[in-house]
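To start, the structure itself, in structure tokens.
The values are calculated or read from the model by the stated rules, or taken from the named source; none is laboratory data. If you're wondering where the values come from, they're calculated on a predicted model, not measured in any experiment. No Cβ is skipped: glycine too gets one built from the backbone with ideal geometry, and neighbour counts run over all protein chains shown. For the accessible areas, the whole protein counts, side chains as well, though only heavy atoms, and no ligand, DNA or RNA atoms are used. Shrake-Rupley method; radii C 1.70, N 1.55, O 1.52, S 1.80 Å.
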Amino acid sequence: MLLLVNSGGPAAVSEWQDHFAECMPELTVRGWDDPEVDDARVDFVLVWEPTAGRIARMTSLRIVFSAAAGVDHIVSDLSVPAHLPIVRMLTPETTERMSDYVMAACFGIVREFPALHEAQRQRRWNDDLIGIRSSETTVAVLGLGGLGAACAQRLAINGFQVRGWSRTPKTLSGVACFDGDAALDTLLADAHIAVNLLPDTPQTRKMIDAAFLAKLSACASIVNVGRAPQVVLDDVLAALDAGRLRSAWLDVFDKEPLDTGSRLWSHPRVIVTPHVASLPSRRARARQVAQALRDWLKGKPLQHVYDRTLGY
Ligand code: NAP
């Protein structure tokens with residue numbers, strides 16, 4: 001069985017090979033640029049931004065593993081055959097790292113860390129910045145998939161008032177769950193923090209715009225760890241500048257790396273992180289792929305398969 005890896009570039013190939021040798025020694029692992037690989041003999045690929053057109057040439061390919069949770073970097077190549085299952089990368093480490101990030105952001109918001117940091121930068125002793133209490137803070141989590149549900153529950157365990165939103169109904173302990181477009185106003189009404197963990201689909205694109213922000217509590221904050229196209233950045237900046245939005249914590253951007261000239265870098269109430277909210281280690285990802293392959297070889301259905309109809 002041959003797995004071709006395109007994640008981390010040529011320098012990462014030997015590390016991938018070591019991790020797979022540990023958890024699935026029967027698998028042959030080669031790098032994407034290995035000149036000796038015959039594309040017609042590749043069984044599986046593990047990829048981030050695969051070269052357009054190449055997957056379509058792999059005539060024996062059976063499964064595409066995404067090296068990340070999102071698959072937009074794969075399905076943007078329209079030549080990828082529709083019959084091929086595309087498996088999203090969702091490891092226990094992905095969930096832990098994402099909920100660590102979201103917790104850090106929500107605690108940073110209630111404790112006013114952006115304003116405190118700005119005061120420090122200006123050498124101002126501002127002891128008015130005492131923050132608000134987590135127990136009096138309502139967080140609306142958009143998306144209750146593997147990541148959104150884990151974040152919502154950790155926020156609830158840590159004392160926040162948590163609401164969650166999904167397409168289909170959900171039940172999560174400690175979380176007031178809402179579903180469907182009709183419930184969006186109730187979800188957002190008077191919320192202090194909106195955390196975006198939705199996938200990028202035609203329905204979610206540009207969802208976080210001026211009208212959305214206006215439904216939140218005055219001086220709310222947003223945390224975007226989902227996908228960039230869901231947020232209308234000009235509307236976010238306008239709301240920040242008008243004082244209607246307290247802060248924006250942004251981890252994903254239309255163009256990555258973010259342009260050095262972007263206003264976001266230096267805005268005092270914007271936290272920019274370089275798409276690091278949740279990237280599991282190569283070891284965790286190799287183990288996830290190995291387990292998925294072992295289950296699949298036993299005839300069990302693949303988990304976390306991208307649904308082309310739903311778009312996530
Ligand atoms: P997922 O399992 O696919 O869950 C998506 C959730 O969004 C589901 O609850 C789904 O509802 C809901 N949803 C989809 N369309 C909706 C709509 N139109 N209205 C209301 N709810 C809708 O996704 P995930 O694995 O949790 O990942 C969430 C996001 O995080 C993705 O965008 C992913 O790319 C991103 N991500 C970012 C990073 C990072 O480092 N920043 C890392 C990993 C993942 P149903 O449950 O009803 O289907």
**Fill in**
Within region 255-269, the count of residues that are open to solvent by less than 90 Å² (accessible area, probe 1.4 Å) and within 16 Å of the ligand (Cβ to nearest atom) comes to 3
**Message:** Looking at (1) in contact with a strand residue (DSSP E or B) (Cβ under 7 Å, 6 or more places away or on another chain); (2) away from the ligand (no atom under 16 Å from the Cβ), which one does I74 not meet, given that it meets all the others?
**Reply:** (2)
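Here is a yes/no grid of residues against (1) closer than 18 Å to F107 by Cα; (2) assigned by TED's automatic domain parsing to the domain that holds M103; (3) at pLDDT below 95; (4) of a type outside the set (D, E, K, R):
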position	(1), (2), (3), (4)
G143	no, yes, no, yes
G159	yes, yes, no, yes
A182	no, yes, no, yes
D185	no, yes, no, no
A191	yes, yes, no, yes
**Complete:** Counting only residues that are in a loop (DSSP other than H, G, I, E, B), small (G, A, S) and within 18 Å of F113 (Cβ to Cβ), region 244-278 contains a total of 1
**Complete:** Within region 279-289, the count of residues that are at pLDDT 95 or above and either assigned to a strand (DSSP E or B) or surrounded by fewer than 21 Cβ atoms within 10 Å (Cβ to Cβ) (or both) comes to 5
**Asked** Of (1) under 30 Å from V13 (Cα atoms); (2) within 16 Å of the ligand (Cβ to nearest atom); (3) open to solvent by less than 20 Å² (accessible area, probe 1.4 Å), V102 satisfies all except one. Which?
**Response** (1)
